[in-house]
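Single-structure report; data block below.
The values are calculated or read from the model by the stated rules, or taken from the named source; none is laboratory data. Keep in mind that this is a model prediction, so the values were computed, not measured. No Cβ is skipped: glycine too gets one built from the backbone with ideal geometry, and neighbour counts run over all protein chains shown. Only protein heavy atoms, including side chains, enter the accessible area calculation; ligands, DNA and RNA are left aside. Shrake-Rupley method; radii C 1.70, N 1.55, O 1.52, S 1.80 Å.
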Amino acid sequence: MEDIKVPFSEVHYITIEKLGNVPVTKGDFQSLPSHVQTWLAQMIQLCTPHAVHICDGSVEEAEMVTKMLVEGGQLAPLPKYENCYICRTDPRDVARVESKTFLITKDKHESVPHSRDGASCVLGLWKSSDEIKKDIDDRFPGCMRGRTLYVIPYSMGPIGSSLSKIGVEITDSAYVVLSMRVMTRVSSDIWKHLRNGEEFVRCLHSLGVPLPAAQPIVNNWPCNPEKTIIVHFPDSRKVMSFGSGYGGNSLLGKKCFALRIAGRIAYDEGWLAEHMLIMSVTNPQGEEKFIAAAFPSACGKTNLAMLTPTIPGYTVRCVGDDIAWMRFDKETGELRAINPEAGFFGVAPGTNMKTNPNAILTCLQNSIFTNVGETADGGFYWEGLEEETPAGTEITGWTGEKYKLGDKTKKSSHPNARFCCPARQCPIIHDKWENPAGVPISAIIFGGRRPEGVPLVVEAFNWAHGVFLAAQLKSESTAAAEHTAKQIMHDPFAMRPFVGYNFGKYIQHWLNFEKNPNNKLPKIFHVNWFRVDENNKFLWPGYGDNIRVLDWIIRRVNNEDIAEPSAVGLLPKKGSLNLQGLNINWDKLMALPKDYWIGDVDETLQWLDGQLGDDLPQAIREEIQKQKERLSKLQ
Ligand code: OXD
Ligand code: MN
């Protein structure tokens, strides 16, 4: 890959011990806060890049980096839109790698629970510092040889908000530089905030392909799949990622910082970092409520966050589509939430003008598309856009193969193909989405893909029961990670791949919020848009019609008498959910098959007990027991 050409007069040098003079082609190293300089010098010495570029997040910088990536063949313009680019990865680097993602703490059980013998823990992987030192020593020394080391100063959350946190990512990937500029707030102003000693999360990322490359580079996408590792040091707030350029593994502000490291900071400081969208719904009476909702990856968080209501009089506004940082306000007791991100890194296939017009409209400018197809007239294409694309259009698929639209044997996109676009471009972005004080959350929703047994909506009896509903969350696996077979997997709180510390402590942390009488606890709900009938047909239309469920939820927040107790929680009274204009089999949609549920609760207990052992909070065991008793009385 080419480097950015910089006039000689603008280059200055820094002297790195044992390495000598390294050119700084952009930015002023000496003016950086001293604790940043010290860390950078260590990382430069470790990675031995041939130049250093300190990013400022400017448009000019983005243009320069884009030009270089286009010249190097890693990006190509999509001329149908303004400032949009397409990128194809090495087909071995297309998703998050949960099996290579580690937490490092002195005591193993700060990171992972005391799983029972024989239960292999899926709620985080721990390694000792000695073990990981070997892995690091085998990978990072000299990993940026022949490449530029970029320094990206960024804020998660509005710069300067008391709810925000700062990170600095070092990377040798220019694609990461561009994507981080979309997904976070990259700015030289960050240095001002760090100059008075403020701490930051130290993020180091390398593609793991020093030059000259030892292996052929596929699709101009350098990566090192055999050696990929993603390592977190929650105690010292550090992340090291090697070998993958794919977003979830390389945009370290996202999953690594905003969920895993922030989760641990939140535990230490008494707040929550969650895998949740944030949205507002205004009803026909003009009353607005904010909702946070957790679903596993690729289960429709982006679609729900930007929903277009199918019933009149409702307005939805989006605050965020993937991550929420929330804390109870000490004075008012409200749960205030911010979206720490600045962009959407959404799953492209399935997104269209029917399922999510707002997402499509958000990504028509200044966006990067990864592993999607391209139409002959320079537009993006993916599965789901069939009806919006003229039949016979020539498509170039993500693997480079050309075919005519209509050929059912071909796939244009990887199922985990992504759009990466600025949140501010969303037509329904909330005007408070960057409010430094966040927005007040009235309801928290959990949900997953449950083809069988699980009703459309359930309200928790109380906070502890809601925490149990979240802990028992399961969902069909998707392509967002390396799981291939379609199977129902446990994904408690939709956080299984993102938890940064012992999951038993995480659940207890949630339970503890009830102990403070000042906290105004939101109501908790579980939803399932994905139940199917005996012919495998969805029983609920989903998408824009989900407003009907949100409407019911908001009426419940207002304590309307429209719910009745069942064995698994409060269910809508028949007729209380607005189904006007729909042809729904309500009884099938809401049925609680006794045998299914008895099997489910037994399996859940067995799984939670196996995974968490004695770390499973007693309150959850009690909730399981109560659920069993209620189920035993079911007709
Ligand atoms: C994501 C994910 O990219 O959850 O948001 O995988
Ligand atoms: Mn996600």
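The table below lists the values:
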{"item": "Residue identified as open to solvent by less than 10 Å² (accessible area, probe 1.4 Å), on the phi > 0 side of the Ramachandran plot and either within 16 Å of ligand 2 (Cβ to nearest atom) or assigned to a loop (DSSP other than H, G, I, E, B) (or both) among Gly350, Gly333, Gly346", "result": "Gly333"}
{"item": "Strands (runs of 3 or more DSSP E) wholly inside segment 361-420 containing at least 1 residues that are out of contact with any Pro (no Cβ under 7 Å at 6 or more places or on another chain), basic (Lys, Arg) and at pLDDT 95 or above", "result": "402-404"}
{"item": "Residue check for Thr355: open to solvent by 30 Å² or more (accessible area, probe 1.4 Å), hydroxyl-bearing (Ser, Thr, Tyr) and assigned to a loop (DSSP other than H, G, I, E, B)", "result": "no"}
{"item": "Only one of Glu564, Glu560, Glu534 that is more than 31 Å from the chain's Cα centre (by Cα) and under 19 Å from Pro451 (Cα atoms)", "result": "Glu534"}
{"item": "Test: residue in segment 207-218 that is β-branched (Val, Ile, Thr) and within 16 Å of ligand 2 (Cβ to nearest atom)", "result": "no"}
{"item": "Any helices (runs of 4 or more DSSP H) falling wholly within segment 12-126 and containing at least 2 residues that are small (Gly, Ala, Ser)", "result": "34-47"}
{"item": "Breaking point among (1) in contact with a strand residue (DSSP E or B) (Cβ under 6 Å, 6 or more places away or on another chain); (2) open to solvent by less than 30 Å² (accessible area, probe 1.4 Å), for Lys402", "result": "(2)"}
{"item": "Any hit, segment 496-509, residues being of a type in the set (Ser, Thr, Tyr), open to solvent by less than 50 Å² (accessible area, probe 1.4 Å), outside any helix (DSSP H, G or I) and away from ligand 1 (no atom under 16 Å from the Cβ)", "result": "yes"}
{"item": "Thr184 over 19 Å from Gln37 (Cα atoms), crowded, with 24+ Cβ neighbours inside 10 Å and modelled with pLDDT of 95 or more", "result": "yes"}
{"item": "Cβ pairs under 6 Å, 6+ apart, first in segment 455-480 and under 12 Å from Gly569 (Cα atoms) and not assigned by TED's automatic domain parsing to the domain that holds Phe503, second hydrophobic (A, V, I, L, M, F, W, C) and assigned to a helix (DSSP H, G or I)", "result": "none"}
{"item": "Every residue from segment 76-103 that is over 15 Å from Arg418 (Cα atoms) and within 16 Å of ligand 1 (Cβ to nearest atom)", "result": "Val97, Glu98, Ser99, Lys100, Thr101"}
